[in-house]
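The values are calculated or read from the model by the stated rules, or taken from the named source; none is laboratory data. Worth saying up front: this structure is predicted, and the values here are computed from it rather than measured. In this analysis, Cβ positions are derived from the backbone assuming ideal geometry, glycine residues included, and neighbour counts consider all displayed protein chains. Each accessible area value is taken on the protein alone, full model and side chains, heavy atoms only, with ligands, DNA and RNA left out. Shrake-Rupley method; radii C 1.70, N 1.55, O 1.52, S 1.80 Å.
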Amino acid sequence: MTATPAAGPDICLTGLSKHYGPFKALDNVHLTVAPGEFLTLLGPSGSGKSTLLMALAGFVEPTRGDITVGGRSVVALAPEKRDFGVVFQGYALFPHMSVADNVGYPLKIRRLPKPEIAARVKEALALVQLDHLAKRNPKQLSGGQQQRVALARALVFSPEILLLDEPMGALDKKLRGDLQMELRQLHRKLGRTFVNVTHDQEEAMAMSDRIAIMRAGRIEQVGAPRDLYDMPETRFVADFLGKSNFLEGRVRQADAEIAVVETADGMIRHAQRGLVLRAGDDALLALRPQKIGLGGDGADNELPAVVETAIFLGTHAEITARTGSGLVLGINLAIDRAEALPDEGTGVTLTFGAASTTAVRDD
Ligand SMILES: Nc1ncnc2c1ncn2[C@@H]1O[C@H](COP(=O)(O)OP(=O)(O)OP(=O)(O)O)[C@@H](O)[C@H]1O
Ligand SMILES: [Mg+2]
């Protein structure tokens, strides 16, 4: 499949806020979405993802701030004038209409001629591989098929921007996986802008060009999945996208390359990148479970610990170990068939490189 070159307008949110009384569902959000981008809003329940998408779509009026599309403000425009394709969680199909009529509805209200509607509906249903079910009623479809009809209905008028609020929220894991891949391929094929909402981090990582991590009405960090994972700026992001251990301490000495952090378990050598640590700073270091090894020579850092649990999971093993100070660290170990797992209660040496830790802000 050849990707269509990205075209269309960019979306710009500046200082966007939505207050409900004293409560800030959105709190001064700044975000730009590039033409053709697949951007996902990811965050815990209540962090403002749907509110942000609803404000974009025009169903929620912002208290402050502006939304521009291709440089023109849309905040005064009614939802139907914004011409976004939308798939929302509670945005159900019409039960008494056939699949084809559901998909054709946005064209009918735009008063397109019937033959053109029929042709476009056929095309949209083919895109989501449902052309053979055009005559059915929604209740004769599976959950996944209904989601695909909703997607076809959002695509049928060729919107330049598609807004998706947990379009796969109600589906089981297997079906979600299939539909995720379909949606990604569809995005590639159409070259349109997709703004997607999820609280499933794997889905976000698998689908997105960039992810915006939301927390309490704000955007905590935006970036490509890999960059967010490798370079989280805060404890929240390090913990929300993948798992992380955290080591706290005080910087004893630091130059441009290495900071030495004194923790309750001794000195830790940390290679400087991202947030720069200076002597005297309080430091919080994030350390991914798969960056820790057991034993081995010549590691930058060694922490004596006692194994608390060791579980074999096929592709890898998950171990927890308690350090001298009482800190419990999670370790993911790629494990060879011949290799035995350490017994619970065994003393081990946890090893990791200075480049394996990331300094994050604690907030
Ligand atoms: N009409 C409203 N009046 C008062 N508070 C509201 C209203 N709509 C949303 N909120 C609050 O705003 C916050 C953000 O809600 P929102 O629906 O955007 O969260 P979300 O990130 O989409 O969560 P979820 O993952 O559960 O869907 C929540 O605390 C919610 O209770
Ligand atoms: Mg929501």
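Does any residue of the range 247-261 turn out to be outside the structural domain of G48 (by TED's automatic domain parsing), assigned to a loop (DSSP other than H, G, I, E, B) and either under 22 Å from V328 (Cα atoms) or among the aromatic types (F, W, Y) (or both)?
Of all residues in the range 247-261, those outside the structural domain of G48 (by TED's automatic domain parsing) come to 247-261.
Filter once more, keeping what is assigned to a loop (DSSP other than H, G, I, E, B): 255-257.
Going one step further and asking which of them are either under 22 Å from V328 (Cα atoms) or among the aromatic types (F, W, Y) (or both), we end up with none.
Checked against the condition, which is being outside the structural domain of G48 (by TED's automatic domain parsing), assigned to a loop (DSSP other than H, G, I, E, B) and either under 22 Å from V328 (Cα atoms) or among the aromatic types (F, W, Y) (or both), the range 247-261 yields no hits at all.
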All-but-one check, M267 against (1) in contact (Cβ under 8 Å) with a residue 24 or more places away in the chain; (2) touching a Lys or Arg at 6+ places or on another chain (Cβ under 8 Å), failing number (1)
So the strands (runs of 3 or more DSSP E) completely within the range 143-217 holding 3 or more residues that are among the hydrophobic types (A, V, I, L, M, F, W, C) and within 16 Å of ligand 1 (Cβ to nearest atom) are 210-215
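Scan the range 276-307 for residues that are under 28 Å from T234 (Cβ atoms), open to solvent by 70 Å² or more (accessible area, probe 1.4 Å) and outside any helix (DSSP H, G or I) and report the count. Spell out the reasoning first.
Quick first cut of the range 276-307, residues under 28 Å from T234 (Cβ atoms) only: 276-293, 299-303, 305.
Remaining after also requiring open to solvent by 70 Å² or more (accessible area, probe 1.4 Å): 276, 278, 282, 290-291, 300, 302.
Still in the list and also outside any helix (DSSP H, G or I): 276, 278, 282, 300, 302.
Here the count works out to 5.
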Only one of (1) without any contact (Cβ under 8 Å) to a residue 60 or more places away in the chain; (2) more than 13 Å from ligand 2 (Cβ to nearest atom); (3) under 25 Å from I219 (Cβ atoms) does not apply to P106, and that is (3)
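Residue check: is V74 touching a Gly at 6+ places or on another chain (Cβ under 8 Å), within 16 Å of ligand 1 (Cβ to nearest atom) and in contact (Cβ under 8 Å) with a residue 12 or more places away in the chain?
On the way: touching a Gly at 6+ places or on another chain (Cβ under 8 Å): yes; within 16 Å of ligand 1 (Cβ to nearest atom): no; in contact (Cβ under 8 Å) with a residue 12 or more places away in the chain: yes.
Judged against the criteria, V74 is not a match.
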Those residues of the range 26-78 that are of a type in the set (S, T, Y), open to solvent by less than 50 Å² (accessible area, probe 1.4 Å) and in a strand (DSSP E or B) come to a total of 2
Over the range 79-93, the set of residues closer than 20 Å to A34 by Cα and either surrounded by fewer than 19 Cβ atoms within 10 Å (Cβ to Cβ) or not assigned by TED's automatic domain parsing to the domain that holds H19 (or both) is R82, D83
Note on the range 165-206: residues within 16 Å of R148 (Cα to Cα), at pLDDT 85 or above and within 16 Å of ligand 2 (Cβ to nearest atom) are D165, E166, N196
Those residues of the range 202-213 which are over 10 Å from T40 (Cα atoms) and open to solvent by less than 60 Å² (accessible area, probe 1.4 Å) amount to A206
